[in-house]
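Please read the structure below before turning to the comments.
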Amino acid sequence: MLTLYTFGPAFGLPDPSPFVSKTLTMLKISGLEFETNTKGFNKAPKGKLPYLKDGDQIIADSTFIRLHLESKHAIDFDKDLDASQRATAWAFEKLCEDHLYWSIVHSRWMDDDNFNAGPIKFFDSAPKLIRPVVAKMVRRKIAANLQGQGFGRHSSEERALLAKKGVTAIADYLGDKPYFMGDTVTGIDATIFAFTNGGLCPQFKAPIRDALEGHANIKAYNERMKAKYFPEL
């Protein structure tokens, strides 16, 4: 049995982490039987979720989990795509993971209203007396990550523009196709769904949400993916 270590559903999302949501979707697309476990964060080999336990193997990071599923379980998520389409899918995956991700992180963790509406709940398990101190330390670390990556150095107007540019690229390529690359689900759909669905989360007011709300095709795509893989949502 495959075991995926997750944070667990939150905010009406399959998981608050887009990378975990991506991997959950990918496993559902694969058709492989799996279970989830929310007790593994302290043992995460790279200090992050998700990671996968497959027998005696532990695989960390959503991209390496996909590569593992493809190599060990002979799952070809992109069997219907040619080399050019696979390259396009990879580029859009990196747009989500290395660009839009930081827009989501900044809006949830650096905006006080959003933080108090969501991430603050992650600290409920900490002792009450030290909870504010722990939360402050984690927010400070995330702020440093945003500064180091560069996204946190931009003005609010610049951050909104970058989010809009990325979302527009996704909307333009999706067009009126039922799935991102065409008529059938492929590997990139796990990523596109995870990040656009996370960005659309109604619990948070954010530039990326405003940008996504402006594209009816992205919202319709999210509803199709939820109905197919997460009907409970």
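Could you check, for the stretch 48-62, whether at least one of its residues is free of Cβ contacts under 8 Å to residues at least 24 places away in the same chain and of a type in the set (Phe, Trp, Tyr)?
No, because not a single residue in the stretch 48-62 is free of Cβ contacts under 8 Å to residues at least 24 places away in the same chain and of a type in the set (Phe, Trp, Tyr).
Being touching a residue at least 60 places away in the same chain (Cβ under 8 Å), assigned to a helix (DSSP H, G or I) and either in contact with a Leu (Cβ under 6 Å, 6 or more places away or on another chain) or surrounded by 22 or more Cβ atoms within 10 Å (Cβ to Cβ) (or both) narrows it down to one residue among Ala169, Ala163, Ala211; which is it?
Among Ala169, Ala163, Ala211, only Ala163 is touching a residue at least 60 places away in the same chain (Cβ under 8 Å), assigned to a helix (DSSP H, G or I) and either in contact with a Leu (Cβ under 6 Å, 6 or more places away or on another chain) or surrounded by 22 or more Cβ atoms within 10 Å (Cβ to Cβ) (or both).
Would you mention how many residues in the stretch 21-78 are of a type in the set (Val, Ile, Thr) and more than 17 Å from Ala194 (Cβ to Cβ)?
4
Could you figure out which of (1) under 16 Å from the mean Cα position of the chain (by Cα); (2) in contact (Cβ under 8 Å) with a residue 60 or more places away in the chain; (3) surrounded by fewer than 24 Cβ atoms within 10 Å (Cβ to Cβ) isn't true of Gly198?
(3)
Residues that are β-branched (Val, Ile, Thr), at least 1 per element: which helices (runs of 4 or more DSSP H) completely within the stretch 1-117 meet that?
18-30, 62-72, 83-95, 101-109
Quick one: Lys177 ticks every box in (1) assigned to a helix (DSSP H, G or I); (2) without any contact (Cβ under 8 Å) to a residue 24 or more places away in the chain bar one, so which box is it?
Answer for Lys177: the failing condition is (1).
Go through (1) exposed (fewer than 14 other Cβ atoms within 10 Å of the Cβ); (2) under 17 Å from Trp102 (Cα atoms) for Thr191 and report which single condition fails.
It is condition (1) that Thr191 fails.
With respect to Lys165, is the statement that it is over 30 Å from Ala83 (Cβ atoms) and not aliphatic (A, V, I, L, M) true? Give the derivation first.
Numbers: over 30 Å from Ala83 (Cβ atoms): no; not aliphatic (A, V, I, L, M): yes.
Here the answer is no, as Lys165 does not meet what is asked.
What number goes with the only condition from (1) farther than 23 Å from Pro119 by Cβ; (2) surrounded by fewer than 14 Cβ atoms within 10 Å (Cβ to Cβ) that Met181 does not pass?
(2)
Let me confirm something: among Leu212, Leu161, Leu200, Leu233, which residue is under 22 Å from Phe34 (Cα atoms) and among the aliphatic types (A, V, I, L, M)?
None of the others qualify; the one that does is Leu233.
Report the residue count in the stretch 12-64 for those that are closer than 19 Å to Lys94 by Cα and exposed (fewer than 12 other Cβ atoms within 10 Å of the Cβ).
Total satisfying the criteria: 0.
Which numbered condition trips up Phe34, out of (1) touching a Leu at 6+ places or on another chain (Cβ under 6 Å); (2) in contact (Cβ under 8 Å) with a residue 60 or more places away in the chain?
(2)
Results for (1) in contact with a Gly (Cβ under 9 Å, 6 or more places away or on another chain); (2) of a type outside the set (Ser, Thr, Tyr); (3) modelled with pLDDT under 95, shown as yes or no for each residue.
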residue: Pro178; (1), (2), (3): no, yes, no
residue: Thr191; (1), (2), (3): no, no, no
residue: Asn197; (1), (2), (3): no, yes, no
residue: Lys205; (1), (2), (3): no, yes, no
residue: Ile208; (1), (2), (3): yes, yes, no
residue: Gly214; (1), (2), (3): no, yes, no
residue: Met225; (1), (2), (3): no, yes, no
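The values are calculated or read from the model by the stated rules, or taken from the named source; none is laboratory data. It should be emphasised that the depicted structure is a prediction, and the values quoted were computed from it without experimental measurement. No Cβ is skipped: glycine too gets one built from the backbone with ideal geometry, and neighbour counts run over all protein chains shown.
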